[in-house]
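The values are calculated or read from the model by the stated rules, or taken from the named source; none is laboratory data. All values derive from a computational prediction rather than experimental measurement. So basically every Cβ, Gly included, is an ideal-geometry build from the backbone, and we count neighbours across all protein chains shown.
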Amino acid sequence: MMSDDPQTHASENSETPPSPPPMSTEQVMQQPPPLRASPPVRHPPLRLCTHNPFYVLSASLVVYGLFVSFPVDKTSGGVPLLALSLATYVLLLGGTAWILRRLGVLWEDLRMLGLLAVLLLPMVSVGLDAMLQSRPDVGRLWSIGGALFAVVVGEALLRGLRVRLPVGYRVPYHLLMTFFFLYPPLVQARAIDPRDLPLQWLLFGFATAAAAILLMLAPAVWQGPAYVSQSGTPWSWPWYPLTIFVPIVLCVAGRAYYLCEAFHAVDVGQSIFGFYFLSPLLLVIGALFLIGRRHASGPFALRVGLALPAVAVLITSVDLGPAGDPAAREFLGHFRAAYGTLPPLAVLCCAVAYYGTAALLRVPRAYLCFNAALAAAAFAGPDSNWWADRSVPTNPWPLLVAGALLYGRGLMRGEVAKGLLGALCWGLFVVLWSSRFPAAPALFFGYHLVVVLLVLLATRTTGDRRSLLTGVVALMILFAGIEHTVHGWRGLFMQLPATAYNWYLPAVFLFTASSGYWLRDPWLTTVSIAMLLGVAGRYGLRSYLWLKTYVAGLDAIAAGLALFVAAVGVSLGKRRRPPPVANVETVNAEQAS
């Protein structure tokens with residue numbers, strides 16, 4: 001009998017391919033071995049200090065000896081021996097790297113030699129400062145020669161080590177290196193009068209100009225590893241080539257300080273330099289980390305990119321106190337006149353713009369950082385010498401804006417963290433704004449506004465998040481009740497009118513009971529019962545004692561009524577329950593059986 005299945009017919013009609021003939025023993029022995037998958041290439045781990053630390057020790061001792069032998073402040077108008085000695089040592093490092101590359105030495109040692117050369121090149125420019133001061137015309141020629149020397153050494157290192165550096169990294173590198181040599185002559189041209197305002201702005205602008213050049217790395221960082229895939233090194237992105245710019249950034253910070261020491265002729269111990277000079281540099285570095293985070297495998301780049309603007313704000317509070325030297329205070333006055341504010345608020349506004357831009361670009365957690373920076377602006381005024389300066393009146397309006405953004409987003413999307421932070425911002429705004437009026441209970445208004453906002457936020461959430469919010473509200477209400485009972489007119493209830501104080505517990509009971517019934521929440525219901533017992537205990541005892549003066553047997557009457565209530569409860573417990581109604585189908589089944 002034939003099957004009607006079409007698949008069976010197809011299998012019967014199809015021709016099966018013939019099987020290959022079996023191979024003999026000689027043919028099997030002549031077969032090549034099977035190919036095995038090659039193991040993945042593992043790049044050597046990147047270490048800041050290699051297993052050969054003698055290069056770093058040698059460079060440290062040589063640089064120390066050169067600075068001791070040829071002090072910058074004692075170098076006459078002759079040949080700049082310090083600059084020439086440092087340049088010679090840089091050539092020694094570069095030549096050694098070239099020879100070791102030809103001999104096949106490990107890349108870790110070559111990397112260390114290259115980084116040391118990059119670190120020492122800006123120090124060569126320091127050795128030319130004395131020449132610029134004593135003989136400006138000759139010093140400018142030496143500076144131009146130093147810039148050319150830095151370019152030649154950089155290109156020689158790249159070609160000698162057979163390393164490919166793309167244009168997006170090479171151009172900013174050479175610009176930064178020549179910047180160390182060409183910027184000091186511009187400063188020296190104005191270094192006649194230490195009170196000269198353009199001179200002070202040139203000293204301030206060194207780190208800012210370097211940060212602008214460093215920002216040119218943004219397009220190359222945006223392209224990520226694909227842009228340096230054929231680098232000729234065993235190091236992967238971002239270690240190469242971004243590691244090259246680490247010593248350059250360190251040199252920018254040190255050079256910004258030493259420019260003020262070398263070309264600003266003020267008394268010993270005075271300097272206009274402040275750590276806020278470096279704030280633009282930190283902002284640019286943070287931006288580069290955020291740009292490169294799209295190619296990063298972990299959250300490190302994101303965390304650093306979001307943390308550096310906060311660090312830039314915090315360092316503005318260093319060396320800006322009332323004990324600052326006259327030169328620094330004078331430049332701060334010029335800064336205040338030019339920008340309308342002192343550095344703390346100015347850098348904080350830059351951080352707000354930084355985080356706002358990141359939030360518009362949908363960077364994770366940038367929205368929270370933006371609102372945090374906006375709220376922090378309430379504690380820094382135009383005349384604040386440091387962040388959170390209590391001697392300057394606060395401006396609560398940024399808290400209102402931050403609270404509206406956070407609480408509005410938390411209410412619309414049911415995000416508890418943002419809603420909670422927004423409620424706290426609004427409560428703090430009410431406290432700061434109401435404190436301007438001496439008779440206003442500022443703390444009372446702000447505290448209870450947070451309670452109301454959290455209850456409203458709980459209506460937009462479900463599950464554990466609602467339980468968390470209602471639990472926080474319950475604890476806040478209990479704390480307020482304890483404050484009302486124990487401390488009386490102090491604490492939360494300072495400046496509160498007597499009428500509102502006396503009616504506080506009944507009003508809170510009604511609010512808590514209605515909120516617990518509305519949200520069907522056991523926390524708020526329990527607190528409402530506790531508040532009811534508190535109200536009954538506080539006002540009922542007073543009423544009972546007052547009524548007892550007119551009714552002598554009130555104790556017996558109260559005891560009798562209590563026993564009566566107990567008896568009714570016992571009776572209700574003994575009440576008969578009607579028998580369960582039998583199911584019609586069950587009855588019919590029993591009758592049929």
Would you confirm, using the coordinates I've provided, whether P309 is touching a residue at least 40 places away in the same chain (Cβ under 8 Å) and part of a helix (DSSP H, G or I)? yes
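Would it be correct to say that T459 is within 24 Å of E415 (Cα to Cα), at pLDDT 85 or above and touching a helix residue (DSSP H, G or I) at 6+ places or on another chain (Cβ under 9 Å)? Spell out the reasoning first.
Details: within 24 Å of E415 (Cα to Cα): yes; at pLDDT 85 or above: yes; touching a helix residue (DSSP H, G or I) at 6+ places or on another chain (Cβ under 9 Å): yes.
When the stated conditions are applied, T459 passes them.
If only one of R101, R170, R159 is within 34 Å of the chain's Cα centre (by Cα), under 30 Å from Q223 (Cα atoms), assigned to a helix (DSSP H, G or I) and among the basic types (K, R), which one is it?
On the way: R101 fails: within 34 Å of the chain's Cα centre (by Cα); R159 fails: within 34 Å of the chain's Cα centre (by Cα).
Just a single option satisfies the conditions, and that option is R170.
Among the residues of the range 500-539, what is the count of those that are within 17 Å of H448 (Cα to Cα) and part of a helix (DSSP H, G or I)?
Filtering the range 500-539 down to residues within 17 Å of H448 (Cα to Cα) leaves 500-516, 524, 527-528, 531.
If we keep only those that are part of a helix (DSSP H, G or I) as well, we get 500-502, 504-516, 524, 527-528, 531.
Counting residues in the range 500-539 that are within 17 Å of H448 (Cα to Cα) and part of a helix (DSSP H, G or I) gives 20.
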Being modelled with pLDDT under 90 and over 23 Å from T470 (Cβ atoms) is the filter here; which residues of the range 393-427 pass it? P393, T394, N395
Mind checking which pairs have a first residue in the range 189-213 that is among the basic types (K, R) and a second that is in a helix (DSSP H, G or I), Cβ under 6 Å, 6 or more apart or different chains? R190/P198; R190/L199
So which of L405, L457, L399 ends up being touching a residue at least 24 places away in the same chain (Cβ under 8 Å) and closer than 28 Å to T525 by Cβ? L457
Name the residue that is nearest to T243 (Cα to Cα), counting only residues in the range 90-115 that are crowded, with 18+ Cβ neighbours inside 10 Å and of a type in the set (A, V, I, L, M). L115
(1) assigned to a helix (DSSP H, G or I); (2) touching a Cys at 6+ places or on another chain (Cβ under 9 Å): which one isn't true of F273, the others all being true? (1)
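Can you go through A210, A220, A226 and tell me which one is surrounded by 18 or more Cβ atoms within 10 Å (Cβ to Cβ), small (G, A, S), modelled with pLDDT under 95 and at negative phi?
Values: A210 fails: modelled with pLDDT under 95; A226 fails: surrounded by 18 or more Cβ atoms within 10 Å (Cβ to Cβ).
Within the list A210, A220, A226, the selection yields A220.
Residues checked against (1) polar (S, T, N, Q); (2) under 24 Å from A439 (Cα atoms); (3) touching an Asp or Glu at 6+ places or on another chain (Cβ under 8 Å); (4) exposed (fewer than 14 other Cβ atoms within 10 Å of the Cβ):
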| position | (1), (2), (3), (4) |
| --- | --- |
| T461 | yes, no, no, no |
| D464 | no, no, no, yes |
| T470 | yes, no, yes, no |
| L478 | no, no, no, no |
| E483 | no, yes, no, no |
| V486 | no, yes, no, yes |
| G491 | no, yes, yes, no |
| T499 | yes, yes, no, yes |
| N502 | yes, yes, no, yes |
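Being within 23 Å of A310 (Cβ to Cβ), buried (at least 21 other Cβ atoms within 10 Å of the Cβ) and assigned by TED's automatic domain parsing to the domain that holds G274 is the requirement here; does L368 meet it?
On the way: within 23 Å of A310 (Cβ to Cβ): yes; buried (at least 21 other Cβ atoms within 10 Å of the Cβ): no; assigned by TED's automatic domain parsing to the domain that holds G274: yes.
In short, no.
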What's the number of the condition A440 fails, among (1) outside any helix (DSSP H, G or I); (2) crowded, with 18+ Cβ neighbours inside 10 Å? (2)
